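Structure record follows, encoded as structure tokens.
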There are 4 protein chains.
Amino acid sequence: MCRFLAWVGSPRYLEELVLNQEQSLVEQSRNALIGKTPINADGFGLAWYSQRPEPCFYKDPRPAWSDANLKQLAHHTQSGLFLAHVRASTGTATSRNNCHPFGMDRWCFMHNGQAGGHEQIRQQLDGMIPASHYTHRFGATESEAIFLIAHGEGLDTDPIGAMGRAVLQVEDLSRKNGAIPFMRFAACWSNGEKLFAARYASDRFAPSLYYRKGRNGVIISSEPLDAEESEWLEIPSGSAIETDGFEVAACPFLEAGAQGRPNAA
Amino acid sequence: MCRFLAWVGSPRYLEELVLNQEQSLVEQSRNALIGKTPINADGFGLAWYSQRPEPCFYKDPRPAWSDANLKQLAHHTQSGLFLAHVRASTGTATSRNNCHPFGMDRWCFMHNGQAGGHEQIRQQLDGMIPASHYTHRFGATESEAIFLIAHGEGLDTDPIGAMGRAVLQVEDLSRKNGAIPFMRFAACWSNGEKLFAARYASDRFAPSLYYRKGRNGVIISSEPLDAEESEWLEIPSGSAIETDGFEVAACPFLEAGAQGRPNAA
Amino acid sequence: MCRFLAWVGSPRYLEELVLNQEQSLVEQSRNALIGKTPINADGFGLAWYSQRPEPCFYKDPRPAWSDANLKQLAHHTQSGLFLAHVRASTGTATSRNNCHPFGMDRWCFMHNGQAGGHEQIRQQLDGMIPASHYTHRFGATESEAIFLIAHGEGLDTDPIGAMGRAVLQVEDLSRKNGAIPFMRFAACWSNGEKLFAARYASDRFAPSLYYRKGRNGVIISSEPLDAEESEWLEIPSGSAIETDGFEVAACPFLEAGAQGRPNAA
Amino acid sequence: MCRFLAWVGSPRYLEELVLNQEQSLVEQSRNALIGKTPINADGFGLAWYSQRPEPCFYKDPRPAWSDANLKQLAHHTQSGLFLAHVRASTGTATSRNNCHPFGMDRWCFMHNGQAGGHEQIRQQLDGMIPASHYTHRFGATESEAIFLIAHGEGLDTDPIGAMGRAVLQVEDLSRKNGAIPFMRFAACWSNGEKLFAARYASDRFAPSLYYRKGRNGVIISSEPLDAEESEWLEIPSGSAIETDGFEVAACPFLEAGAQGRPNAA
């Protein structure tokens, strides 16, 4: 299990959310309040959009709290759309290649969750990645595999549907050859224009996911960044949202345990 | 605050204490039970004695739990005298040079504690290190400085007295130009033949320190490695022990707050 | 292209070969004399056998010359059978998981060379690894893949033949979907009792490989460690050797460009 | 010996100079053409000015060529004033704290050279740093010490004179207690408005230093970035320049071997 947050709206310094909140992402790396894994210190990553269509990535396998470069970059970088993640490994190595967010073309993606029995299904998962996208397979996580499979499902034209189909495929693989819990999924992804986020699980325990709409933009986060609870809305399991920082549109993502649901057709 | 443990006795694999106990050192790096700092993930270090008179060091600024080399080395290395430390920085950088144990000649040293106002007194502390030992000043911690000052005080011939005099000097400096708490000190050091350990504070809050005598040797540890509480003896604040693995001899170290005590003459 | 060396014979300190020779392995990491890649600074690794049947690994993505732990471990560790490698990446990431030697059970393996067009064939290569060995697939190199495929071909009972069949399979894949040079291969591997080494290429440019037999054992090395040229014997391309430190037995490995050769049956 | 470059002028992507030149800084990290140290792979650093008065730093002890974050940041970051450095250690540890550029307030500084016998004079050098600046003493290099001493000499109001006085003090210390060469110095520093650079040695071997004035700004570099030799002007030993990107003003820095020169009064 991991923690993450994302921002879309007016440009702001990354440190405002990554470092300076009561329950900032770096604070969550030491002391997450929701979920079973208080320590998320197996690496971290930032992705932000600026002048170029592709995001800029800064990722490192160290704990977020002790990385001097992270403090520098978060203090000096402004962006109107950024994602940030702190990792708690569920088994794969602590290495830069396994740090979220993952990127391909304009897109980036970060995930909190797992596919049960990942180690047993890893080779098949690698085989499911579209051949033309395998040069983007750098690490060993199921998260990165889901992202690349979603690309093959048409992320560009159907950002939420394609992600749902990828999640379903990996869940089905886990159901056949893996182990429970087959799928736990809270994720956030972006093409540089909008943020997309979804929450889902094959059982009743979808990882936490919240958002907050302010005057200047929208924050999506694994847990509230401050104690103003009324401001933070929980994304229900099985649902997705998309937002450009002004509007937040919700839609169904996947039904738990169902096999023939619309998005998965 | 940090956590550490040491062994002197029959040769044994390092992993038996570093990894395989209920409350092993690696477990303490995630979840220390005693003291205010449950996470000790700002680097770690091992020092073990084998064929050569000087110890072998393996140190890294990563969290102990995610270092694949540590698992390998602890699984394959046997030693009759070793020290191991996980660090929680009290301010100085997370870098290999600040990882304990520190070494000079046959000696190594590790510490849990601090000199209050370290940043204000650091330049003077650097000036107090004997000139001939400054080539061994690699990092910026007060711990390393205490060790090198103790060398100048005659560690070779008076291992406990010299350490006491070094601690006093640094406490006095903190009292003049630093801040409370002037000195918190739990430490363990060795010349390859015996382990020495001492506990002390300028106030009432000396960091925890325990030992356990078994059939094959003696463990010294920041906290008990298992729940058999009757087996673990607390070293009282102001006291020191020395042990070759067979006998444990206790002696006074330093009196809290006193200025003209015997060992400090 | 990379550089490596190995020793089997009387126990000796690793530093004697890794650090203290005229053209030691660490010297080769800065300034290799043979081949096109003078700098081999994309990580390094050691594997040595001691009490346990499996080797102990120490690997890191830093340049060998600047790693303080390497100096310590090589200075303090003695072994009668060890392998050491410095890496020059041919494309895959500089990460610990891509550092040689690779290990599985009692075996370890290190390689200098490449399969042409590796990035185009990587997914198929991953698919060729026996399913039961995929948990040992940690990185992305063709070297690790060859090693795991060789395991599937029966490394335990036929150490040289199995390796030959693995190399052929990967060469054939490169020939179909990769690029020239289809295969360049100089490698050394061990089960803890003997060293095996082989040299081969699909063209005329097999990477260099030498050995030297002394009173106390045998060194295998990418290039001579000193200027006493008469002492160093070149292993011919297409050949393999095996040695227990006393005897060196040579045998055919693979014929360049042939398709139906004995060892590949 | 190290390599560095700097830019002041119209905002441009860092990668244009750091990565994309014939003899870019990353190329110099593998294969410097001038000087005795072709490999400069003991860490690197970037400092660039953007919205805030202080520069943003990204530094890491890895070789510049294998750092994925460096490629990302240099590809995505534009700045009108930046400095970049690749390090070849002359003795001190390969650690982030020893990577250039060094920073204090608005200023940053990078250096190629050494004070002879640094290890013998290091403690005295530490003592020469103004007490109020010792919190900025993070590493162990003479370079960082010179920078902090220059601050004490009035860098803010007299950027070139203060640096000269600092260099002289350190040279004098080396002359008394160190070793030849007493001082080798090529450096570049900035307050966010201008670039300053100077070249000097206590003997005849000042490290190389060049600049090139173009339509949009000025590059300062340890060696020409391309083969258009007529465009690159060498800064003579004993001289300094300052430039805002439009004008380049030259002035005397220090006379070699003299003791009572104007700037050193």
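Only residues that are part of a strand (DSSP E or B) and closer than 13 Å to A:Leu83 by Cβ: list them for the range A:212-222, please. Listed by number, the residues that qualify are A:Val218, A:Ile219, A:Ile220, A:Ser221.
The sole residue among C:Tyr210, C:Tyr200, C:Tyr134 that is surrounded by fewer than 24 Cβ atoms within 10 Å (Cβ to Cβ) and more than 14 Å from every other protein chain (Cβ to nearest Cβ) is C:Tyr210.
The conditions are (1) under 16 Å from C:Thr90 (Cα atoms); (2) in contact (Cβ under 8 Å) with a residue 24 or more places away in the chain; (3) crowded, with 17+ Cβ neighbours inside 10 Å, and C:Ala179 fails exactly one of them. Which is it? For C:Ala179, the exception is condition (3). Counting only residues that are open to solvent by 30 Å² or more (accessible area, probe 1.4 Å) and in a helix (DSSP H, G or I), the range B:158-168 holds 1 of them.
Filtering the range D:96-105 to residues that are open to solvent by 40 Å² or more (accessible area, probe 1.4 Å) and under 30 Å from D:Phe246 (Cα atoms) leaves only D:Asp105.
Can B:Ala88 be described as within 15 Å of the chain's Cα centre (by Cα), more than 11 Å from chain C (Cβ to nearest Cβ) and assigned to a loop (DSSP other than H, G, I, E, B)? Answer is yes for this residue. Restricted to the range C:183-197, and to residues there that are part of a loop (DSSP other than H, G, I, E, B) and more than 22 Å from C:Ala88 (Cα to Cα), the residue that is most open to solvent (accessible area, probe 1.4 Å) is C:Glu193.
Mind checking which pairs have a first residue in the range D:57-78 that is more than 8 Å from every other protein chain (Cβ to nearest Cβ) and a second that is basic (Lys, Arg) and assigned to a helix (DSSP H, G or I), Cβ under 9 Å, 6 or more apart or different chains? Final answer for the pair search is D:Ala64/D:Arg30; D:Trp65/D:Arg30. When you look at B:Leu83, is it more than 14 Å from chain A (Cβ to nearest Cβ) and in contact with a Pro (Cβ under 6 Å, 6 or more places away or on another chain), yes or no? Judged against the criteria, B:Leu83 is a match.
Can you find, within the range A:178-194, the residue that is farthest from A:Phe82 (Cα to Cα) among those that are in contact with a Leu (Cβ under 7 Å, 6 or more places away or on another chain) and of a type in the set (A, V, I, L, M, F, W, C)? So the residue we want is A:Ala186. Within the range C:34-56, being of a type in the set (D, E, K, R) and within 11 Å of chain B (Cβ to nearest Cβ) holds for C:Arg52, C:Glu54. Annotation for the range D:100-118: at least one member residue is part of a helix (DSSP H, G or I) and within 18 Å of D:Tyr200 (Cβ to Cβ).
Here is a check on your reading of the model: is B:Ala93 in a loop (DSSP other than H, G, I, E, B), open to solvent by 20 Å² or more (accessible area, probe 1.4 Å) and away from chain C (no Cβ under 12 Å)? Yes, satisfied. Of all residues in the range C:1-45, those satisfying the criterion of being among the acidic types (Asp, Glu) and under 24 Å from C:Phe205 (Cα atoms) are C:Glu27, C:Asp42.
Residues of the range C:120-141 include none that is within 30 Å of C:Glu228 (Cα to Cα) and either assigned to a loop (DSSP other than H, G, I, E, B) or out of contact with any Ser or Thr (no Cβ under 9 Å at 6 or more places or on another chain) (or both). Any residue that is farther than 20 Å from C:Ile220 by Cα and polar (S, T, N, Q) - is there at least one of those in the range C:111-121? Yes.
Just one of the numbered conditions (1) modelled with pLDDT under 95; (2) within 23 Å of C:Gln28 (Cα to Cα) is not true of C:Arg215: (2).
Checked against (1) in a helix (DSSP H, G or I); (2) within 14 Å of chain C (Cβ to nearest Cβ); (3) surrounded by fewer than 23 Cβ atoms within 10 Å (Cβ to Cβ), A:Asp172 passes all but condition (2). Going through (1) in contact with a His (Cβ under 7 Å, 6 or more places away or on another chain); (2) among the basic types (Lys, Arg); (3) surrounded by fewer than 24 Cβ atoms within 10 Å (Cβ to Cβ) one by one, B:Arg87 falls short only on (3).
Answer with yes or no whether C:Arg3 is out of contact with any strand residue (DSSP E or B) (no Cβ under 8 Å at 6 or more places or on another chain) and not hydrophobic (A, V, I, L, M, F, W, C). Judged against the criteria, C:Arg3 is not a match. Just one of the listed residues (A:Leu225, A:Leu155) is open to solvent by less than 30 Å² (accessible area, probe 1.4 Å), assigned to a loop (DSSP other than H, G, I, E, B), hydrophobic (A, V, I, L, M, F, W, C) and in contact with a Ser or Thr (Cβ under 7 Å, 6 or more places away or on another chain), namely A:Leu225.
Among the residues that make up the range D:106-119, is at least one of them in contact with a Gly (Cβ under 8 Å, 6 or more places away or on another chain), open to solvent by 50 Å² or more (accessible area, probe 1.4 Å), within 12 Å of chain B (Cβ to nearest Cβ) and under 24 Å from D:Arg199 (Cα atoms)? Yes, the range D:106-119 contains at least one residue that is in contact with a Gly (Cβ under 8 Å, 6 or more places away or on another chain), open to solvent by 50 Å² or more (accessible area, probe 1.4 Å), within 12 Å of chain B (Cβ to nearest Cβ) and under 24 Å from D:Arg199 (Cα atoms).
The values are calculated or read from the model by the stated rules, or taken from the named source; none is laboratory data. Since we're looking at a predicted model, the values are computed, not measured. Cβ coordinates were reconstructed from backbone atoms using ideal geometry, including for glycine residues, and neighbour counts include every protein chain displayed. Each accessible area value is taken on the protein alone, full model and side chains, heavy atoms only, with ligands, DNA and RNA left out. Shrake-Rupley method; radii C 1.70, N 1.55, O 1.52, S 1.80 Å.
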